[in-house]
Amino acid sequence: MAQKSKILIIGGSGSTGKYIVEESEKAGHPTFALVRENTALILKILHIGDIYHHESLVKAIKQVDVVICALGSPEQIADQVKIVAAIKEAGNIKRFFPSEFGVNVDRAKAVDPVEHHLRVKASIQRSIEAEGVPYTYLGQVEIIGDGNTKVIFSKEEDIATYTIKAVDDPRTLNRVLHIRPPANILSFNEIVSLWEKKIGKTLEKTYLLEDQLLKKIQG
Ligand SMILES: NC(=O)c1ccc[n+]([C@@H]2O[C@H](COP(=O)([O-])OP(=O)(O)OC[C@H]3O[C@@H](n4cnc5c(N)ncnc54)[C@H](OP(=O)(O)O)[C@@H]3O)[C@@H](O)[C@H]2O)c1
């Protein structure tokens, strides 16, 4: 059987990253996590490091084959350029998964501050491509149409499963991998009516109008 890739997860203590760490270990990949000094994470192999400490980052990257990033804040998402630079310097990485786990940023449109976040993610993709770093972009959710908008729902555990499955799959190299379980493509109205069926009651509904929603997002 082919050797399983060694995986470094940056942001492995985060709400998405912790599932990816778990799934990677479960799938038998030698699993490493880069964590900051004061962050506790129960894991066999830890690298103490920070994306803002170039040397610790390069050292951790040199010991693995694949880097998966699950950083969360907009600043850190933008600062993934530092990871790209460290991957270039290390020169050994066969696949990089930047922190995506959302919509396909090249096709999606949103309102600020979400739109800004999407553009930052897109600019990271462009620098990965410009530097010739092999990648997979993992897209989770896609919104189709308006009115009874359909959304693709998935759990963090599913995202982690597909991320780790993609690591050694040549079909996902330099591609966007979409997670679209057909049974999970539902509008909110459909979700509510499923819930009503399950509990045998009709729920009283309140609706959030578009301008109210936009205000909430801005806030
Ligand atoms: N589509 C969706 O529905 C959806 C939902 C959620 C998330 N996402 C996406 O998933 C990705 C991850 O988001 P998240 O909410 O899971 O993130 P999160 O919980 O905020 O986790 C961030 C991780 O980054 C680590 N970190 C922060 N600063 C660091 C530094 N300087 N050096 C090294 N590590 C550092 C944190 O470690 P500490 O423990 O030390 O702080 C933590 O492990 C994002 O791209 C987000 O947009 C998508």
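The values are calculated or read from the model by the stated rules, or taken from the named source; none is laboratory data. Not measured: the values here are computed from a predicted model. Cβ placement follows ideal geometry from the backbone for every residue including glycine, while neighbour counts extend to all protein chains displayed. In case anyone asks, the SASA skips ligands and DNA or RNA and just uses the protein heavy atoms, side chains included. Shrake-Rupley method; radii C 1.70, N 1.55, O 1.52, S 1.80 Å.
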Check: How many residues does segment 8-32 contain that are assigned to a loop (DSSP other than H, G, I, E, B), in contact (Cβ under 8 Å) with a residue 60 or more places away in the chain and of a type in the set (Ser, Thr, Tyr)?
Finding: 2
Item checked: segment 92-106, residues that are assigned to a strand (DSSP E or B) and more than 10 Å from the chain's Cα centre (by Cα) -> 95, 96
Note to self: Exactly one condition in (1) within 30 Å of residue 32 (Cβ to Cβ); (2) of a type outside the set (Val, Ile, Thr); (3) open to solvent by less than 70 Å² (accessible area, probe 1.4 Å) is false for residue 214; which is it?
What the structure shows: (1)
Checklist line | Subset of segment 33-90 that is assigned to a loop (DSSP other than H, G, I, E, B) and small (Gly, Ala, Ser) - its residue that is farthest from the ligand (Cβ to nearest atom) | finding: 40
Next item on the list: Determine if segment 91-107 includes at least one residue that is at pLDDT below 95, more than 12 Å from the ligand (Cβ to nearest atom) and farther than 27 Å from residue 37 by Cα.
Entry: yes
Next item on the list: Mind listing whichever residues of segment 89-134 are among the basic types (Lys, Arg) and without any contact (Cβ under 8 Å) to a residue 24 or more places away in the chain?
Entry: 109, 119, 126
Next item on the list: Quickly run through segment 112-132 and pick out the residues that are open to solvent by less than 10 Å² (accessible area, probe 1.4 Å) and β-branched (Val, Ile, Thr).
Entry: 124, 128
